[in-house]
Amino acid sequence: MSNHNEKSKPKSRWIGRAVIIGLFLLAIIIYAAVPSVHSFINSVIDMFKSGDFDRMHDFIAKYGKWAMLVSSLLMIFQSIAAPLPAFFITLTNANLFGWWQGCILSWASSMVGAAMCFYIARILGRDIVEKICTKGALLQIEEFFAKYGNKCIIIARLLPFISFDVVSYAAGLTAMDFWGFFIATGIGQLPACIVYSYVGGMLTGGAKLMFMGLLCLFALAILVVLIRQVYMASGKRKAKASKSEDR
């Protein structure tokens, strides 16, 4: 029975790989061959890069009763197309649907996106992930993983300027259990999702600039703490190495 399971795993892996590659190729063909799709996708990417809350608000709002579905698809799209910023959607959702409904929508759709990134990496492997994330970004996250493990996932979700999508891809390349990753993802992103949604529901005019400034300070403060921890951990390793050499 165990031999049968071991044989079926490589087969199912190759089937999954073929399906995902086929979908990617189909998406690329449609993107290249259909001008309206090409223009639409480019405008969505440009909207993410601009960081314009009003532009994203108007884009989602124009779909009326389908707005929540569109918002969810945007969140999943940005997850796969790393490293587009996700917290713009979180703020927009709070503005459009109310802070608690926006929070649930943002949290649930980002969980779906994170799971998809994890399995894309696990099925397709490192070569494909490096093309999506870039080799440099992946190496940086992997070094962070080596030091903090699951804590890296929680910390990355709290920081608005660290691409958690890259973390999701990197996690899929490790031997990490999916449910361990998924639970850490849910716990790590929930506090930030609640805060961004609550504040995002009240953002207007100059308050947006103030909030962005606070986010920068928050991110800087956590990064200072992390750098200090890395420095101290490095010092301890060097001290242990020197002691072992003396012996």
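Things worth noting here:
- Tally of residues being touching a Phe, Trp or Tyr at 6+ places or on another chain (Cβ under 6 Å) and surrounded by fewer than 20 Cβ atoms within 10 Å (Cβ to Cβ) across segment 91-128: 1
- Hey, A137 assigned to a helix (DSSP H, G or I), touching a residue at least 24 places away in the same chain (Cβ under 8 Å) and either at positive phi or of a type outside the set (S, T, Y) (or both) or not: yes
- Residue within segment 73-80 that is of a type in the set (G, A, S) and modelled with pLDDT of 90 or more present: no
- Residues located in segment 50-69, provided they are assigned to a helix (DSSP H, G or I) and over 15 Å from L91 (Cα atoms): G64, K65, W66, L69
- Take the conditions (1) surrounded by fewer than 16 Cβ atoms within 10 Å (Cβ to Cβ); (2) in contact with a Lys or Arg (Cβ under 9 Å, 6 or more places away or on another chain); (3) of a type outside the set (S, T, N, Q); A61 misses just one of them, which is (2).
- A Cβ distance below 9 Å, combined with a sequence gap of six or more or placement on separate chains, defines the contacts here; from segment 105-133, residues that are of a type in the set (F, W, Y) reach residues that are not in a helix (DSSP H, G or I) in the pairs F118/M176.
- Some residue of segment 152-168 being within 19 Å of K49 (Cβ to Cβ), free of Cβ contacts under 8 Å to residues at least 60 places away in the same chain, over 12 Å from the mean Cα position of the chain (by Cα) and buried (at least 23 other Cβ atoms within 10 Å of the Cβ): no
- Qualifying residue in segment 66-80 (condition: small (G, A, S) and either surrounded by fewer than 17 Cβ atoms within 10 Å (Cβ to Cβ) or in contact with a Phe, Trp or Tyr (Cβ under 7 Å, 6 or more places away or on another chain) (or both)): no
The values are calculated or read from the model by the stated rules, or taken from the named source; none is laboratory data. Just so it is clear, the model here is predicted, and its values are computed rather than measured. All Cβ positions, even for glycine, are placed from backbone atoms using ideal geometry, and neighbour counts span all protein chains on display.
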